[in-house]
Amino acid sequence: MIKKIDHVGIIVENLDQALKIYSNTFGLNCVERREIEDVGLRVAVLEAGKVFVELLEYRNLDSEMVKALRGDRKGLNHICYEVEQFDEVLRKLETAEFQLIPGFPRKGVHGKIAFLVPPHSPDERIEILEVEQKDE
């Protein structure tokens with residue numbers, strides 16, 4: 001089911017500024033930068049040992065999806081769990097009354113993703129990820 005914690009997501013106001021701070025202060029290497037146009041999201045992925053840190057800058061704070069993801073609230077946003085058998089895990093979570101955020105599942109930076117709100121903590125967000133297999 002859960003393979004590992006893949007990353008923690010942190011909402012920042014200015015991606016370039018935050019990236020400098022994380023790189024210069026903590027010595028973390030940026031391994032990828034991306035823009036997801038339809039969501040209005042800029043992402044920097046930093047390597048921190050076996051777990052990644054994703055710095056997230058949302059540009060359209062009025063979007064319903066961004067509001068549901070709490071993308072307008074700066075700071076620690078979510079923990080992402082890499083899973084096997086994505087559809088089965090998603091069904092299991094929904095059966096356990098986790099609320100799927102509208103607009104998900106969808107393709108994310110590294111594969112198929114879904115964001116959910118746990119029944120025990122309405123302010124918490126979790127992400128599940130099935131990493132897209134790269135053709136070699």
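The table below gives the values:
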read-out: Unmet requirement for ARG33, which otherwise passes all of (1) closer than 17 Å to ILE126 by Cα; (2) in contact with a helix residue (DSSP H, G or I) (Cβ under 9 Å, 6 or more places away or on another chain); value: (1)
read-out: Residues satisfying the stated conditions in the stretch 53-86, i.e. over 16 Å from the mean Cα position of the chain (by Cα) and either in contact (Cβ under 8 Å) with a residue 60 or more places away in the chain or surrounded by 12 or more Cβ atoms within 10 Å (Cβ to Cβ) (or both); value: ASN60, SER63, GLU84, GLN85
read-out: Sole residue being under 15 Å from ARG106 (Cβ atoms) and either out of contact with any strand residue (DSSP E or B) (no Cβ under 7 Å at 6 or more places or on another chain) or in a strand (DSSP E or B) (or both), chosen from VAL39, VAL53, VAL45; value: VAL39
read-out: Of residues in the stretch 1-36 being β-branched (Val, Ile, Thr) and assigned to a helix (DSSP H, G or I), the one farthest from the chain's Cα centre (by Cα); value: THR25
read-out: Selection count where residues are at positive phi and in a strand (DSSP E or B), scope the stretch 56-84; value: 1
read-out: Residue check for ILE126: surrounded by 16 or more Cβ atoms within 10 Å (Cβ to Cβ), touching a residue at least 12 places away in the same chain (Cβ under 8 Å) and either under 20 Å from PHE52 (Cβ atoms) or hydroxyl-bearing (Ser, Thr, Tyr) (or both); value: yes
read-out: Residue match in the stretch 93-115 (condition: among the β-branched types (Val, Ile, Thr), under 23 Å from LEU19 (Cα atoms) and either exposed (fewer than 11 other Cβ atoms within 10 Å of the Cβ) or at pLDDT below 95 (or both)); value: yes
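The values are calculated or read from the model by the stated rules, or taken from the named source; none is laboratory data. Note that the structure is a prediction, hence the values are computed from the model and not measured. Note that we place each Cβ from the backbone using ideal geometry, even for glycine, and neighbour counts take in every protein chain shown.
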